[in-house]
Amino acid sequence: MEGSYTVKAVAEISNNLLMTNKRPSQVYITKVKQFEGSSCFVRRSQWTLDQLRQVNGIDPNRESPEFDLQFDNGFDQWVAGSGSEKFTFFQILYHTCQRYLSDQKPEFINCQSRLFSGNSILHSAADSVTSAVQKASQALNERGERLGRAEESSAEMMNSAQQFADTAHKLAMKHKC
């Protein structure tokens, strides 16, 4: 599909969100399958985000990869690569619904409560990057300060060495006579 990008893909049956670059943005949920021995994915089904009515995590107390999606025109069973991949897909799906659906948002049932917290995996990643940049910046500033002190010490030592050389030259000239 021209002008779209994949937000999430996993092996076996993949969970994908595709969004067009055109305005207004159109978001698609696409189910793809990767056959054994092949690096290619084959599209199985596709729905628009606004067709999604319910996301059922099946069991919020167990990290299972299975989940169900209810659309306007039917029900579909899905299997993620792992329980954590399912949770990541749910977070992305939940926050995408919050951003792009103004009226009828899907119901998320039997999902872990931390899914709905403001601290999504996307926010966590952004926080991690910000923290890493701040640490790198601080380390560069500290290194710059150390280099500045080393440069000052080198200049003082060079000055002292020049004074010593001048004094030694004067002494040598005085005692040469």
query: Across the stretch 56-80, what is the total count of residues that are crowded, with 17+ Cβ neighbours inside 10 Å and either of a type in the set (K, R) or in contact (Cβ under 8 Å) with a residue 60 or more places away in the chain (or both)?
result: 2
Looking only at the stretch 16-49, and only at residues there that are surrounded by 17 or more Cβ atoms within 10 Å (Cβ to Cβ) and in contact with a Cys (Cβ under 9 Å, 6 or more places away or on another chain), the one that is modelled with the lowest pLDDT: V27
query: Quick one: V133 ticks every box in (1) aliphatic (A, V, I, L, M); (2) modelled with pLDDT of 90 or more; (3) open to solvent by 60 Å² or more (accessible area, probe 1.4 Å) bar one, so which box is it?
result: (2)
message: Restricting to the stretch 76-130, name every residue that is under 17 Å from the mean Cα position of the chain (by Cα), part of a helix (DSSP H, G or I) and at pLDDT below 80.
response: L115, I121, L122, H123, S124, A125, A126, D127, S128, V129, T130
Restricting the stretch 81-111 to residues that are among the charged types (D, E, K, R) and within 17 Å of W47 (Cα to Cα), the residue that is surrounded by the fewest Cβ atoms within 10 Å (Cβ to Cβ): E107
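The values are calculated or read from the model by the stated rules, or taken from the named source; none is laboratory data. Remember, predicted model here, so these are calculated numbers, not experimental data. Methodologically, a virtual Cβ is constructed for each residue, glycine included, from the backbone with ideal geometry; neighbour enumeration extends over all protein chains shown. Heavy atoms of the whole protein, side chains included, go into the accessibility calculation; ligands, DNA and RNA do not. Shrake-Rupley method; radii C 1.70, N 1.55, O 1.52, S 1.80 Å.
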